[in-house]
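Here's the structure, in structure tokens; my notes come after.
Bear in mind that the values in this text are calculations on the coordinates, not laboratory data. Since this is a predicted model, take the numbers as computed values, not measurements. When we count neighbours, we look across all protein chains shown, and the Cβ atoms used for this are built from the backbone with ideal geometry, even at glycine.
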Amino acid sequence: MEDELQQMKNLGKTSVQWLHAAGIHNEADLRRLGAIHAYRAVKTRGFRTSKVLLYAIEGALLDQHWCDLPLEVKASLNEQVSGLDREALRPHTTAVEK
């Protein structure tokens, strides 16, 4: 039986294995997280991802090939991922430190 995620456009065997390793096991999981958080979940597991995975996940959610995503959509995805990366690097202060 083929995996539900593999039925989605753009998602092949390797990307689906990565998604599973990140705790994303079906389309509902992927839709609940969205492309940005699913991509970050895979990346934080230590897999050597590229932005193509980010675009592939977004395309899968939209049922369109990742190459056909408009440049504005790709730019927005990149900006959102960069924002999460910056947030992760920002030192967190506690109430006592404030």
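Run Met8 past the list (1) more than 17 Å from Val81 (Cα to Cα); (2) within 13 Å of the chain's Cα centre (by Cα); (3) buried (at least 17 other Cβ atoms within 10 Å of the Cβ) and report the number of the one that doesn't hold.
Here Met8 meets the rest and fails (2).
Taking the condition of being in a helix (DSSP H, G or I) and either more than 18 Å from Phe47 (Cα to Cα) or touching a residue at least 12 places away in the same chain (Cβ under 8 Å) (or both), how many residues in region 1-19 meet it?
The number of residues fulfilling the criteria is 7.
Anything in region 39-72 that is touching an Asp or Glu at 6+ places or on another chain (Cβ under 8 Å) and in a helix (DSSP H, G or I)? List them, or say none.
Residues satisfying the conditions are Gly59, Trp66.
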